[in-house]
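The values are calculated or read from the model by the stated rules, or taken from the named source; none is laboratory data. Keep in mind that this is a model prediction, so the values were computed, not measured. Note: ideal-geometry Cβ built from the backbone for every residue, glycine included; neighbour counts use all protein chains shown.
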Amino acid sequence: MKKIGYIALCLFFAGLTDAAAGVDRFTASDPTDGVLGHMDFDSSVFNSSGIQFIDNNLMLALDFTNPTNLTHLTTIGPSGSGTYFNFSGVGLPTVWAGFGQQGGTGIADEVVIVTGAGGFGDPSNLILGNGEGNNLFSDVTWTASTVAAVPEPGTSAMLLAGLGLLGWHARRRKNLSS
C-alpha cells in the first residue's frame, strides 16, 4: 500500500511541476506597421550561458501577420534553423540574430530574422516573405515577456489521477483503521 501512496505523490508533484512551466514570448514590432508577430518558447530551454542558439524544433508557436498584404503565418520553420538569443542571467533573454527560416514553409511565406547594420547580434530587420518578393520591415524592435503556460490535457489528467489516488489511499487507510 505504501507503494501506491508513493506513486500517487509522484504523479501529483509531476503534474504540478509540469503545469508550472512558463512560456517566453518574443514580439516583433515596427514603428510604422505596429506589431508584426511573435514566437513562443518554453522558458526552460534558456540558460544563463550568454549567446544561445535555439533550434526551431524547440519553438512552441509562431504567429506573424504581414500588415501590407495580411498574410498570416503560423507554421514553424524547419529544424536546423532557429534564433540566437542573448541571456545574461538577468531578466528574459533578448533576440540576438536569426539563422535560416524561423517560420513558414518556403520563400513564398517565410519569416526570417535578418541582422541589421550592426551585423550579427543587431536584429533590427525582419523579413516576411509574401510570394511576390520579401517585404522588409526596418527598425524592428523585439520585446520579451512571459505568458502563462496552458497545461496540456495529459498534465491535467495526470494531476487528477494523482489526486484521486491520494484520496483513495487516504479513505482506504481510514476504513482499515476503523
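Odds and ends about this structure:
- Selection of first residues in the range 57-78 that are assigned by TED's automatic domain parsing to the domain that holds ILE107 and among the hydrophobic types (A, V, I, L, M, F, W, C) and of second residues that are surrounded by 18 or more Cβ atoms within 10 Å (Cβ to Cβ) and not in a strand (DSSP E or B), restricted to Cβ pairs under 7 Å at least 6 apart or on distinct chains, gives the following pairs, ordered by first then second residue: LEU62/GLN102; LEU73/GLY104; LEU73/ASP109; ILE76/ASN56.
- In the range 101-122 there is no residue matching the filter, namely being within 15 Å of ASP24 (Cα to Cα) and either in contact with a Gly (Cβ under 6 Å, 6 or more places away or on another chain) or in the same structural domain as THR27 (by TED's automatic domain parsing) (or both).
- In the range 41-59, the residues that are part of a strand (DSSP E or B) and surrounded by 16 or more Cβ atoms within 10 Å (Cβ to Cβ): PHE41, GLN52, ILE54, ASP55, MET59
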